[in-house]
């Protein structure tokens, strides 16, 4: 007999990351991710499946193997293996005709993003190794020395301190054991997505090589470095391939020299959100952008949908590929809470769907001729499964569902899609998760879940947390208020200089629409959200007392201190017109903690102690402001965790996080005792 979903079911999930189809489209290698409960850690291995069906099987036996990459002839597989927790990953090559994987090279800072040369003789990759500083013969200090900081951006959430002498650079190595790797670039600028030019003479990569990028909007470019370079270049020997003057999110080169770019040209003045476009180049280097293939298309090119069950390890590539003849470009797009593969006409522009809508397309790659895709695809009722897509017909075939047996033993409530009218005539898109035994004649407690970003979207992805709360007897409402992506540029950009504000009114309008059905106990309303959703949770309880309990997660509470302490710079006027030392009033007006005297809702603050995106002092501000007023408040602090706690934190802590959320709502909405919180 099936039972409701529980928080600790998280420990049983298996995730499919980074599906890599073989050049001939016959097989797919992918990274399998699962939880080692005893070690309280994630494990990763490379697995393989036939694209015609059949049970997948393991290819590697390590516990931290990832990033599989096929050689051009499909006879070898490169991958990255780590020897243990916090150990750098090293480059290995596995012969697909039989035999053991062999290490190609070993570097102090490890390797990532391997890319085969067209002839299969060499592999390019990224590494932060600095041979001059990382020589094992150098005497190491007994204690870590002081850090000298000269740049305003000096640390990044989850990744750590930014060491200018240890930024990712382009490297190349022969694809044979014992080879000597060579750095091709050096200097204070990081590289992204190194990949070989089609003729095999150069390695292309994206980079923002401005000395002070924090003073302006996005301005990255695509560069090329010669694969035959004798010594690393700090930039003088680089060729500029595409200088966009904006964001380059991803790119792909066709054999005829054209490059398809997902990105946008930055506006002046900058906007808080610009919708990515599908751009096409032509001409010699530096190639100019000749056409916007997505003109008239309001989808978010290269976009994604939120889920707490995307792979917590292993990564994956956003789908992007030319067809063999170069007439079309396939790319993932986000549209109204769904992500799917779309096909753009590379000559005339225009777009058509290459797969059915209504899914969460997480990652995928195409065969050399782009006729077959291997995809990881999720739904509201299931985390990502492995699929085969016939790009010509749009036919999806499921190859493997690793969680099928587990999910079959669980009772899921209906996930109902809805549209709710809001105050200015717009309609807000949302979903309502019902308890498994839902009875429309009864009245249930309702929880409003608010996404972060703010420029992201809920949708047709699987949310374990929402199902676990529904299994506990709650109606769970999640929506996309203005500011959300996948509904066009104007819908997302309208909140510039007004966050939070009308987006909170949208959220309350969605609650009203569900309450009007008569199935909600209005005395038992709860609200929660993380990051930007934590900010909105804080804001909403300063605007209304209708919620009987709230949980704010990794929140923003006070904008002025956030400006000075977050891991990214806020120098460009995206969110605020002026810095706080010039106009502190604008920051105070939009800071929930400045309105804490209005709050009557019991509040739980959940924050991670190593969160550098929304530093923990933001949560402490809300907690102490309420405690000083002797109002009901508790703070839950997670040591060793960062902003990604609920998505990729230590497995046991993710379970604890859900337990605390539920226990707080149970206390105030169901009357369940919670002595550990002192209330």
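Just so it is clear, none of the values below were taken in a lab; they were calculated from the coordinates. This is a predicted model, so every value here is computed, not measured. Positions of Cβ are generated from backbone atoms using ideal geometry, with glycine treated the same way; all protein chains shown enter the neighbour counts.
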Extension gain (nm, one decimal) between residue 285 and residue 40, 0.36 nm per residue minus Cα-Cα: 83.2 nm
Working from the pairwise distances between different alpha carbons, so that the mean of 1/r is found and then inverted, what is region 432-575's Kirkwood radius in Å? 16.0 Å
Quick check for you: which residues of region 86-112 have the amide N under 12 Å from the point 7 Å beyond the Cα of residue 75 toward its beta carbon? 95-98
Gain in length, residue 490 to residue 50, computed as 0.36 nm per residue apart minus the alpha-carbon separation, to one decimal in nm? 154.1 nm
Quick one: length gained pulling residue 134 to residue 192 fully straight, 0.36 nm per residue minus the C-alpha distance? 18.7 nm
Can you tell me the 0 to 90 degree angle between the C-alpha axis of helix 651-665 and the longest principal axis of the chain, rounded to 10? 20 degrees
Relative to a virtual label point 7 Å from the Cα of residue 3 in the Cα→beta-carbon direction, which members of region 653-677 show backbone nitrogen distances below 20 Å? 653-663, 666
Footprinting exposure proxy for 664, 431 (fewest neighbouring C-beta atoms within 10 Å first): 431, 664
Separation between the residue 102 and residue 236 pseudo-spin-labels, each 7 Å from Cα along Cα→Cβ, expressed in nm? 3.8 nm
For a paramagnetic label modelled at 7 Å from the Cα of residue 327 toward its Cβ, which residues of region 343-365 fall within the zone defined by backbone nitrogen distances under 19 Å? 343-355
Rounded tilt (10° steps) of 502-515 against the dominant C-alpha axis of the chain: 60 degrees
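Can you work out D for the chain in µm² s⁻¹ from Stokes-Einstein, where Rh is the Kirkwood radius over C-alpha pairs, the temperature is 20 °C and the viscosity is 1.002 mPa s?
82 µm²/s
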Going by C-beta contacts inside 10 Å, put 611, 424 in order with the fewest on the left. 424, 611
Taking every DSSP bridge whose two residues both lie in region 410-677, the antiparallel percent to the nearest 5 is 30 percent
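For the peptides 586-593, 479-486, what is the packing order when you average, over each peptide's residues, the other Cβ atoms within 10 Å and list the highest mean first? Can you show the working numbers first?
Values: 586-593: 20.1, 479-486: 27.5.
Ranked by mean Cβ neighbours within 10 Å, highest first: 479-486, 586-593.
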In nm, spacing of pseudo-spin labels at residue 243 and residue 617 (7 Å Cα→C-beta vector): 4.0 nm
State, to one decimal in nm, how far the label point of residue 144 lies from the label point of residue 211, with both points 7 Å from Cα in the Cβ direction. 3.0 nm
